[in-house]
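The values are calculated or read from the model by the stated rules, or taken from the named source; none is laboratory data. The structure presented is a predicted model; accordingly, all values stated were derived computationally and were not measured. Counting neighbours? That spans all protein chains shown, and the Cβs are built from the backbone with ideal geometry, glycine included. Note: areas computed on protein heavy atoms with side chains; ligands, DNA, RNA excluded. Shrake-Rupley method; radii C 1.70, N 1.55, O 1.52, S 1.80 Å.
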Amino acid sequence: MPSQELSSKRMICSSEMNTDVGFMEQALEQARASAVAGEVPVGAILVHEGKIIARSGNRNIRDCDPTAHSEIVVLREASRVLGNYRLAGTALYVTVEPCSMCAGAIVQARVPRLVYGCDDPKGGAVRSCFEILTDPRLNHQVEVTVGILASECAAILQSFFAARR
């Protein structure tokens, strides 16, 4: 069973765990599509009221945009869908621990919950290198669940980079 951590002190029920796995599988589909396109295989989806309202993989190369990480693309699309840059009542699912840019955007968008697969020891800004989402000095903290389908999320990255070495 994957490890899980929450910034709040509540238990995860089995139905929530099943939901998290299902949504992470959708994020993994986006990561796989990114790999096929030659992008670093990171996928994200944003869920509002139990429904996926935005999905994307990394698009840095395609869009010729250093900010086109899957999380940023999804936050932009979800804001358009909801007609609000504040994304209350949402959950963001990402295959890999967000970087500092993406973590900052998550805070600015007021996303209440993040679920991610594997850690990024060289650039993660949730717990690996920085702890942006739970820093009490900021005006918004995010509930975080870690390790959903972690081995699958790590494997797609490892195989992508192994093929390029």
When residues of segment 77-98 are limited to those that are surrounded by fewer than 21 Cβ atoms within 10 Å (Cβ to Cβ) and among the charged types (D, E, K, R), the one farthest from Asp119 (Cα to Cα): Arg80
Considering segment 41-50, residues that are under 14 Å from the mean Cα position of the chain (by Cα) and part of a loop (DSSP other than H, G, I, E, B), and then whichever is farthest from Cys118 (Cα to Cα), we arrive at Pro41
Answer from Arg55, Arg127, Arg62 - the residue that is at pLDDT 95 or above, out of contact with any strand residue (DSSP E or B) (no Cβ under 8 Å at 6 or more places or on another chain) and open to solvent by 20 Å² or more (accessible area, probe 1.4 Å): Arg62
Which of the following residues is β-branched (Val, Ile, Thr), more than 18 Å from Ala37 (Cα to Cα), open to solvent by 20 Å² or more (accessible area, probe 1.4 Å) and in contact (Cβ under 8 Å) with a residue 12 or more places away in the chain: Thr134, Thr145? Thr134
Which members of segment 55-84 meet the condition of being more than 23 Å from Phe130 (Cβ to Cβ) and in contact (Cβ under 8 Å) with a residue 12 or more places away in the chain? Arg55, Ser56, Gly57, Arg59, Ile61, Arg62, Glu77, Ala78, Ser79, Val81, Leu82
Would you mind stating whether Val74 is open to solvent by less than 10 Å² (accessible area, probe 1.4 Å) and farther than 12 Å from Val42 by Cβ? no
Given the structure, is Gly147 out of contact with any Lys or Arg (no Cβ under 7 Å at 6 or more places or on another chain) and closer than 17 Å to Thr19 by Cα? yes
Restricting attention to segment 99-116, does a residue exist that is of a type in the set (Ser, Thr, Tyr), open to solvent by 10 Å² or more (accessible area, probe 1.4 Å) and at pLDDT 95 or above? yes
